[in-house]
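Report on one structure; see the data block that follows.
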Amino acid sequence: MMQKIYDWIDERVDITPLWRDIADHEVPEHVNPAHHFSAFVYCFGGLTFFVTVIQVLSGMFLTMYYVPDIENAWRSVYYLQTEVAHGQIVRGMHHWGASVVIVMLFLHTLRVFFQGAYKKPRELNWMVGVLIFFVMLGLGLTGYLLPWDNKAYFATLVTLEIAEGVPFIGEATKTLLAGDPEIVGAQTLTRFFAIHVFFLPAALFGLMAAHFIMIRKQGISGPL
Amino acid sequence: MSEKRNQVSRRQFLNYTLTGVGGFMAAGMLAPMVRFAIDPVLQPQGKGEFTAVAQVDEITSEPQRVDWTIDQVDAWYESEVTKSAWVYKQEDGSIVALSPVCKHLGCVVAWAGNDDYPDQFFCPCHDGRYYKDGENVPGTPPNAALDRFQQRIEDGTLYLGKAIPREEA
């Protein structure tokens, strides 16, 4: 049945080369843990991507209940955690995944760094990777405020203080982030929400695409 | 070993295993999210609560609009919501409580809402009309009679519950 549907589509629009290009490629021996177990260090990039997928999915589902409003944000989170089936699991995935993704990203970075895999011709991909790291940190930072509990609120106060500490543009940056020069409140929450679910993910998808296209184009770095 | 031909090739075996394990992992990941998303459909229906809306001796044979408020719990938001009914007394003394929601597209109907039809319910959206007993006037947009409220009378007070479509009532 599936085969027939596939063949029907393939016959008309020739989709086989599309996924072949993506899925069908040789894994060199030195990155295959079945040959050298120590090659598991090559998994961290893929694991980062895997956790990112979990983050995107669980985040999409969380927005079915979450509202970015100071009156209701905390209550909607409380509601989805206590009243909705599997709410604890879905929010738990997003909460813990946020930390795991940073850990995986860091391990991936360490591997690339200590193997010197960032060297020519892969410098550009390293730069894109660093940008991805910053975007991920931004996602973690903006997501932290969204439950609008005490921890979120006071952590964001600190964040804004740090932003304010930047010479010359600090105050403008803080106002831009908080939405108000003095109040950390309604506008801060909506801004962080917009940044967390629209702006940074869009940037992340673009950067990840560039990252993956480059690694496929240049191939994985050779054995040490 | 060799008396039987291999039914499953190594490639097939690996394909099945990988697809199986991958599918299991994907399902484990997606199942809580899907259950989370479809939760509203699986919530038990709240049983209709009755609210005191009017004194029976104040109800006339002319339909009157009665309003009452209920406490509505909408997930994390609680509020008071106003509900309305058109009530009148029939000749045998029984009370009819009709929902004001038009059966065409959900606008609000009013008794004698149009001067041309002083003894009918009228919907201003598409000129839908209903007779006094709530039956829709043939040839006007609605294709069903107005819903009736579940009712109860205690100590001369009228209590109304949920509006129920005619066929089920």
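Nothing in this text is a laboratory measurement; each read-out follows from the coordinates by a stated rule. Only a predicted model underlies this, so the values are computations on that prediction, with no experimental measurement involved. Ideal geometry is used to build each Cβ from the backbone, glycine not excepted, and the neighbour counts take in all protein chains shown.
Would you mind computing, in nm to one decimal, how far apart the modelled labels at A:Trp8 and B:Glu167 are, each placed 7 Å from Cα along Cα→Cβ?
3.4 nm
Using 20 Å as the Cα-Cα cut-off, could you pick out the over-long pairs in B:Lys47/B:Lys103; B:Lys47/B:Lys132; B:Lys103/B:Lys132?
Details: B:Lys47/B:Lys103 23 Å; B:Lys47/B:Lys132 29 Å; B:Lys103/B:Lys132 15 Å.
Among B:Lys47/B:Lys103; B:Lys47/B:Lys132; B:Lys103/B:Lys132, the Cα-Cα distance tops 20 Å for B:Lys47/B:Lys103; B:Lys47/B:Lys132.
Under the Karplus relation 6.51 cos²θ - 1.76 cosθ + 1.60, θ = phi - 60°, what is the ordered set of whole-Hz ³J(HN,Hα) values for region A:51-66, x standing for Gly and Pro?
Taking θ as phi minus 60°, the curve returns 5, 4, 4, 4, 4, 5, 5, 5, x, 4, 5, 4, 5, 5, 10, 6 Hz for region A:51-66.
If I fit a long axis through the Cα atoms of helix A:123-145 and take the longest principal axis of the Cα atoms of chain A, what angle between them do I get, 0 to 90°, rounded to 10?
Long axis of A:123-145 versus the principal axis of chain A: about 40 degrees.
Under 5 Å between amide H atoms, partner at least 5 residues away or on a different chain: which partners does B:Ile164 have, H built in plane at 1.01 Å?
Hits under the 5 Å cutoff: B:Arg148, B:Phe149, B:Gln150.
So which lysines can A:Lys119 reach, going by Cα to Cα under 21 Å and dropping same-chain residues fewer than 8 places off?
Within the straight-line cut-off, A:Lys119 pairs with A:Lys217.
Any idea what the relative contact order of region B:51-164 is, in percent, if you count C-alpha pairs under 8 Å spaced at least 6 apart?
23 percent
Where Lys and Arg each count +1 and Asp and Glu each count -1, what net charge lies around B:Glu80 among other residues with Cβ under 13 Å from its Cβ?
Once positives and negatives cancel, what remains is -3.
Could you work out Rg/(2.2 N^0.38 Å) for the protein assembly as shown, with Rg from alpha carbons only?
Numbers: Rg = 31.8 Å, N = 393, 2.2 N^0.38 = 21.3 Å.
Taking N as the residue count of the protein assembly as shown, the ratio is 1.49.
Given Cα pairs under 8 Å that are at least 6 residues apart, what percent is the relative contact order of region A:63-186?
Here the relative contact order equals 21 percent.
Taking the Cα centre of the protein assembly as shown as the origin and placing charges on Cβ (Lys, Arg +1; Asp, Glu -1), which of B:Ala26, A:Ile215, B:Trp76 is farthest toward the positive end of the dipole?
A:Ile215
With everything on Cα atoms, drop me the angle between helix B:10-37 and the longest principal axis of chain B, reported from 0 to 90° to the nearest 10.
So the inclination is approximately 20 degrees.
If R₀ is 45 angstrom, what is the calculated FRET efficiency for the pair A:Val53 and B:Leu105, using the beta carbon separation as r and rounding to 0.05?
It comes to 0.60.
Give me the percent relative contact order of chain A, please, defined on Cα pairs under 8 angstrom at least 6 residues apart.
19 percent
Name the GluC sites (Glu not before Pro) in region A:127-183 that are in a loop by DSSP and that have at most 12 other C-beta atoms within 10 Å, would you? Before the final figure, lay out each step's value.
Numbers: sites: A:Glu161, A:Glu164, A:Glu171, A:Glu182; in loops: A:Glu182.
Those that pass, being in a loop and sparsely packed, are A:Glu182.
Take the Cβ-Cβ distance between A:Met127 and A:Thr16 as r, set R0 to 35 Å, and report the resulting FRET efficiency rounded to the nearest 0.05. It would help to have the intermediate numbers written out before the result.
On the way: r = 34 Å, r/R0 = 0.97.
After rounding to 0.05, the efficiency reads 0.55.
Tilt of helix A:73-82 relative to the longest C-alpha principal axis of chain A, in degrees (0 to 90, nearest 10)?
In chain A, helix A:73-82 runs at an angle near 60 degrees to the longest axis.
Non-local amide H neighbours of B:Gly128 (under 5 Å, H modeled in plane, Pro and chain starts lacking H): which ones?
B:Cys123
Which of the three applies to region B:51-164, rounded, prolate or oblate, going by the alpha-carbon gyration tensor with a ≥ b ≥ c and a/c under 1.5 meaning rounded?
Judged from the Cα gyration tensor, region B:51-164 comes out oblate (a/c at least 1.5, b/c at or above a/b).
Treating each Cα of chain A as an identical point scatterer and ignoring solvent, apply the Debye formula and state log10 I(q)/I(0) at q = 0.09, 0.14 Å⁻¹.
Rounded to two decimals, the profile gives -0.51, -1.01.
If each of B:Ser94 and B:Ala27 carries a label point 7 Å out from its Cα toward its Cβ, how far apart are those two points in nm?
Distance between the two pseudo-spin positions: 5.4 nm.
Run the simple label-point estimate for B:Thr82 and A:Asn32 please: 7 Å along Cα→C-beta, distance reported in nm.
Going by the 7 Å Cα→Cβ label model, 7.5 nm.
For n ≥ 4 DSSP H runs only, could you compute -39500 (n - 2.57) per run for chain A, divide by its residues and tell me the 222 nm figure to the nearest 500?
On the way: 10 runs with 153 residues, N = 224.
It lands at -22500 deg cm²/dmol.
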